[in-house]
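Here's the structure we're looking at; comments come further down.
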Amino acid sequence: MLKNEHELFERDGVVIIRGLFKDWIPLLETGVKENEQNPGQWFRDYTPAQTEGKFWADYCNWQRIHAFNTFVKDSPAAEIVKAIMGSQSVRMFHEHVLFKGVGSAKVTPWHHDAPYYPVDAKQTLSLWIPLDPISRESAIEFIAGSHLWGKHFKPQSFNGEYYNHAGSKQEMLPDIDNHREDYNILGWALEPGDAIAFNYLTIHGAPGNLSKEHSRRAVSFRWLGDDAVYMNRGGKTSPQYPHLINFLTTGDPLPEDEFPFVA
């Protein structure tokens, strides 16, 4: 099952999955609506001065928002993730809701996720699921093979502020936008029910939402495989999980109550 997707994921660090979550879109829409009406503590409005074309995000709410919890536990997502990663087990890290309104000009800068996270693992996968049709021009993009570069790039908030991680060997990200021809950039037009699976080390970014008809709602579920442990990054992380530093050191197992095994 999903042998071809596993091979593409290993090679490119990203693979498209068509239509497997179509029946789960109404549930996820319910979750996003609840999240918007009842934001979590990490909610971020990246366009606070705008009434149209808004861009907001929130995460780490899957255990309190029933729709997201149901998706994690009852959908085929965990088994699909296990097959694509080639892992023996799969555990939940967190979910991330991203909302770009009609005509939003806000760009998601190029980045990769691993340096943001207080975890370390070789088997990682984000399952990015759109809830609206997305044209290729508005689509999230990926640098194929960048998960194999062996580098960590300095994390940057979507507002432009760089994180300060003491003692890290993080580098500045190359100027991708002005040298797009130097990279194998992948992206796809998407329909609700499709999903993109990508490694935490795969560099990605997204333009604004160019659609004049649809918001660009997406939920990204972040998963870990067999070897995940805690990592003290030497500074702020995203998500923060500030309490973990009180009882964990780098290399310690992750607490299963917060990051449970699902498959």
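A short reminder: the numbers here are calculations on the coordinates, not readings from a lab. Remember, it's a predicted structure, so these values are computed and weren't measured experimentally. Backbone-built Cβ (ideal geometry, glycine too); neighbour counts: all protein chains shown.
Brief remarks on what is shown
- Working note: Karplus 6.51/-1.76/1.60 with θ = phi - 60° gives segment 125-141 the couplings 7, 9, 10, 9, 10, x, 9, 9, x, 10, 6, 4, 5, 9, 7, 4, 10 Hz, where Gly and Pro are set to x.
- The chain: most fluctuating residue of 207, 48, 118 per GNM, C-alpha cutoff 10 Å: 48
- The Cβ shell under 12 Å around residue 188 holds other residues with a net charge of -2, Lys and Arg each +1, Asp and Glu each -1.
- Note on residue 20 and residue 70: with the Förster distance fixed at 22 Å, the Cβ-Cβ geometry gives a FRET efficiency of about 0.85.
- Distance between modelled label sites at residue 27 and residue 7, nm, 7 Å Cα→Cβ extension: 3.2 nm
- Selection of trypsin sites (Lys or Arg not before Pro), segment 1-54, meeting DSSP coil and at most 15 other Cβ within 10 Å: 18
- Computed over segment 106-263, the convex hull of the alpha-carbon atoms projects to a mean area of 10.3 nm².
- Each Lys or Arg adds one and each Asp or Glu subtracts one; over the other residues with Cβ under 13 Å from the Cβ of residue 55, this totals +2.
- Label-point separation, residue 171 to residue 52 (7 Å along Cα→Cβ), nm: 4.3 nm
- Segment 62-134: C-alpha gyration tensor shape, a/c 1.5 cut-off, then a/b vs b/c: oblate
- Cα gyration tensor shape of segment 214-263, rounded if a/c is under 1.5, else prolate or oblate by comparing a/b with b/c: oblate
- Fluctuation leader among 209, 61, 184 - the chain, Gaussian network, Cα springs under 10 angstrom: 184
- Taking amide H as placed 1.01 Å from N in the peptide plane, the amide H of residue 47 sits under 5 Å from that of 55, each at least 5 places away or on another chain.
- Lysine pair count for segment 3-246 [Cα-Cα under 13 Å; pairs on different chains or 8 or more apart]: 7
- For segment 143-193, the gyration tensor built on C-alpha atoms gives a prolate shape. Its axis ratio a/c (a ≥ b ≥ c) is at least 1.5, and a/b is the larger of a/b and b/c.
- GNM flexibility winner over the chain from 85, 172, 231 (Cα, springs under 10 Å): 172
- Of the GluC sites (Glu not before Pro) found in segment 127-194, those that fall in a DSSP loop while having at most 13 other beta-carbon atoms within 10 Å are 161.
- Volume per residue of the C-alpha convex hull in segment 3-246, rounded to whole Å³: 128 Å³
- Within segment 1-104, the GluC sites (Glu not before Pro) that combine a DSSP coil assignment with at most 13 other C-beta atoms in a 10 angstrom radius are 52.
- Residue 41 paired with residue 158, simple spin-label distance in nm, labels 7 Å along Cα-to-beta-carbon: 2.1 nm
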